[in-house]
Amino acid sequence: MTENSHGAKPADIDVASILEGLRAEVRARRLAQGQAEEGPLERDLRRSLDEIELHRVVSAHWPLLGKTVPQRVVALVNKLVRRYLRWYINPIVEQQNAYNDAVARALRLLAEAYGDLGEQIVGIGDRGQGTGDERTTNDPSTPLRAGERRTTNGEGARSPSPIPHPPSPILQAQVKERALAEPPAHFPDLELRALEPQLGLREHVSAHWPLPATTLPQRAIALANKLVRRYLRWYINPIVEQQNAANAATTVALLALIRLDAERRAQVASLRAAKAKGKR
């Protein structure tokens, strides 16, 4: 086996240890910059992105070995067939690899964007704690400032006068009128949840599908195609299996992004609720 330019054999490279070292370096850099440690959802997403890097490149060329003389003869024939079919298979594989690379980069950018959004949410939450403008007081002699309100619990306390409400039919008519003027609601988080089962159903690529035939010539052609497909299993099936592995890793990353999106939306909703409570 030939050695690479650094003197190390390709088989000696431990990809998992390299990725773990990169993750440790990223964690150390985040701590050095005063950033928060990644949560479990971020770690799951990071691992799924690393898994995509392991499977995103599909190869149409791998060793065809044989121990015995007949096996070597078959391997030689298969190599000749594969070399002849390069004009047909290689462009397909190259297009798929280009798509896999674009998807991997897009998912990584999304992960970075969600990470930055999480840090901003944490920063806003930290700044918002203990900085409310409203205060309550029970001392009548204490002057009120803007945004303050006085509560009285002792004798002489008066309950606020009830706010008059319009009759029920008038209120319902106003609600209907405003509802007609409202734009249609859009819930992307619910749409993302609805896509989860579709991801699992569509991630599997198959190289075997029915070859229907009704007439005798069609049956003869279908039989010939089945024989060719059966022979080419050694060539096509590994390509499909590699793509299925890349699709499965992409699905895991997308599901992790959906969970992270739900967490960020919950954090934003909590901040909005706290802000609305502080204004009351």
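The numbers here are math on the coordinates, done by the rules we state, and not lab data. Computed from a prediction, not measured in an experiment: that's the story for all the values here. No Cβ is skipped: glycine too gets one built from the backbone with ideal geometry, and neighbour counts run over all protein chains shown.
Could you pull out every one of the lysines with an alpha carbon less than 22 Å from that of Lys226, ignoring same-chain neighbours closer than 8 positions?
Qualifying lysines at Cα under 22 Å: Lys79.
Below 12 angstrom from the Cβ of Trp62, what's the summed charge of the other residues (Lys, Arg +1; Asp, Glu -1)?
For residues surrounding Trp62, the net value is +1.
Evaluate the charge dipole of segment 184-242 about its Cα centre and quote only its size in Debye, nearest 20, assuming +1 on the Cβ of each Lys and Arg and -1 on the Cβ of each Asp and Glu.
600 debye
Note down the net charge around Lys79, summing +1 for each Lys or Arg and -1 for each Asp or Glu among other residues with Cβ under 14 Å from its Cβ.
+4
Taking θ = phi - 60°, what integer Hz values does the Karplus form 6.51 cos²θ - 1.76 cosθ + 1.60 yield along segment 245-260, in sequence order, with x for Gly and Pro?
Karplus-based 3J(HN,Hα) across segment 245-260 equals 5, 5, 5, 5, 5, 5, 4, 4, 5, 5, 5, 5, 5, 5, 5, 5 Hz.
Among Thr251, Thr214, rank each residue by its count of other Cβ atoms within 10 Å, from fewest to most, as a rough exposure measure.
Thr214, Thr251
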